[in-house]
1. Restricting the stretch 219-259 to residues that are under 16 Å from the mean Cα position of the chain (by Cα) and basic (K, R), which is surrounded by the fewest Cβ atoms within 10 Å (Cβ to Cβ)?
2. Does A84 meet the test of being within 23 Å of L21 (Cα to Cα) and surrounded by fewer than 19 Cβ atoms within 10 Å (Cβ to Cβ)?
3. Of all residues in the stretch 227-250, which are more than 23 Å from M290 (Cβ to Cβ) and without any contact (Cβ under 8 Å) to a residue 60 or more places away in the chain?
4. Yes or no: A120 among the small types (G, A, S), touching a residue at least 24 places away in the same chain (Cβ under 8 Å), under 20 Å from G199 (Cβ atoms) and in contact with a Leu (Cβ under 7 Å, 6 or more places away or on another chain)?
5. Which of (1) within 20 Å of D272 (Cβ to Cβ); (2) assigned to a helix (DSSP H, G or I); (3) touching a helix residue (DSSP H, G or I) at 6+ places or on another chain (Cβ under 6 Å) does R222 not meet, given it meets every other one?
6. Among the residues of the stretch 92-104 satisfying the criterion of being surrounded by 14 or more Cβ atoms within 10 Å (Cβ to Cβ), within 19 Å of Q72 (Cβ to Cβ) and among the hydrophobic types (A, V, I, L, M, F, W, C), which is nearest to the chain's Cα centre (by Cα)?
7. On the given criteria, is G46 modelled with pLDDT of 95 or more, part of a loop (DSSP other than H, G, I, E, B), closer than 27 Å to Y114 by Cα and not aromatic (F, W, Y)?
8. Scan the stretch 130-148 and report the pairs whose first residue is on the phi > 0 side of the Ramachandran plot and outside any helix (DSSP H, G or I) and whose second residue is crowded, with 24+ Cβ neighbours inside 10 Å and modelled with pLDDT under 95, with Cβ atoms within less than 8 Å and a gap of 6+ or a chain change.
Amino acid sequence: MRNLGKSITNRLLPRGLDTRLRSELQYRRLVQAFPTAARRHHGLAGELVVSLTSYPVRYATLHLTLKSLLRQQTVPDRIVLWIADGDVAALPRATRALFAQGIELRIVRDVRSYKKLVFALSAFPRAFIATADDDVFYPPEWLTALVEGQYGSEPVISCHRAHRLREQGPGALVPYHEWEWDVQDAEARDASVDLMPTGIGGVLYSPQALHPDAANQELFARYAPSADDLWFYWCARRAGTRHRKVGGLFDQTAWPSSQSERLYDQNRTDNDLQIAALVQDFGNPLRMPMAAPREALSVL
């Protein structure tokens with residue numbers, strides 16, 4: 001009977017509307033399952049910025065992700081949405097309505113998925129910048145866990161989801177599909193050189209955690225045009241920064257209507273070529289030196 005009802009719904013509703021309605025229903029269920037806890041200040045030694053981007057294919061459900069970011073237990077100083085100048089006019093009413101609730105719109109040139117971080121690095125050079133994807137539900141404790149992962153005296157990048165690199169010699173890494181994906185062991189909770197964050201889980205960059213080349217469009221377009229995770233990881237290691245996983249298994253709850261186009265599908269075949277170019281010109285990230293210590297952070 002359920003399948004019959006779904007079939008009738010799909011026939012009666014305009015194409016795309018059914019998936020949008022299911023996404024709205026999914027969001028309401030998630031809000032009930034993950035109630036907002038008492039709000040708290042982040043306690044970091046600098047501004048906390050949540051940064052993300054989007055494009056028209058994802059606009060139908062963008063507001064749902066933004067609403068989940070507005071419900072965070074740890075309150076950021078800013079939530080910034082970076083949109084390419086040619087895509088602004090298509091922003092739906094549901095997203096625009098959130099600008100009055102704390103979502104800050106900034107219009108920039110189109111550098112694809114890199115928009116979520118590279119412009120924030122120059123706009124907020126002393127900030128802790130947490131990147132998020134535009135097609136995921138982030139539970140209220142998401143940002144809290146990232147902030148709590150910033151303890152210690154060295155610059156660190158905390159993340160909810162990471163893959164572990166392995167090498168097959170001083171100058172070469174094993175193929176991407178042979179990395180340890182989505183690691184959950186105790187080792188990953190310590191600052192490590194061999195963890196590469198994946199953007200879907202969210203990543204928190206401490207100030208100056210990345211090499212200055214991170215925002216160089218000529219370079220990232222040449223070395224990693226479809227793999228920003230790889231580029232930012234190499235830039236972190238070139239700066240001597242290590243990574244730490246926080247939390248348990250990250251539930252990748254994506255909206256049904258947002259999955260018609262996924263960069264991940266392309267990356268599975270392109271990553272090894274991009275990794276080879278990065279290793280050749282910048283070196284093996286597992287053998288790069290560590291950064292100098294910093295003053296201890298105050299995390300409430």
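1. R244
2. no
3. To start, the set of residues in the stretch 227-250 that are more than 23 Å from M290 (Cβ to Cβ) comprises 227-228, 247-250.
Hit for the stretch 227-250 is A227, nothing else.
4. Values: among the small types (G, A, S): yes; touching a residue at least 24 places away in the same chain (Cβ under 8 Å): yes; under 20 Å from G199 (Cβ atoms): yes; in contact with a Leu (Cβ under 7 Å, 6 or more places away or on another chain): no.
The answer is no for A120.
5. Condition not satisfied by R222: (3).
6. I103
7. On the way: modelled with pLDDT of 95 or more: yes; part of a loop (DSSP other than H, G, I, E, B): yes; closer than 27 Å to Y114 by Cα: yes; not aromatic (F, W, Y): yes.
In short, yes.
8. Listed by first residue and then by second, the contacts come to nothing, as the list is empty.
The values are calculated or read from the model by the stated rules, or taken from the named source; none is laboratory data. Quick caveat, the model's predicted, so the values are computed rather than measured. Quick reminder, even Gly has a Cβ in these numbers, built from the backbone with ideal geometry, and neighbours come from all protein chains shown.
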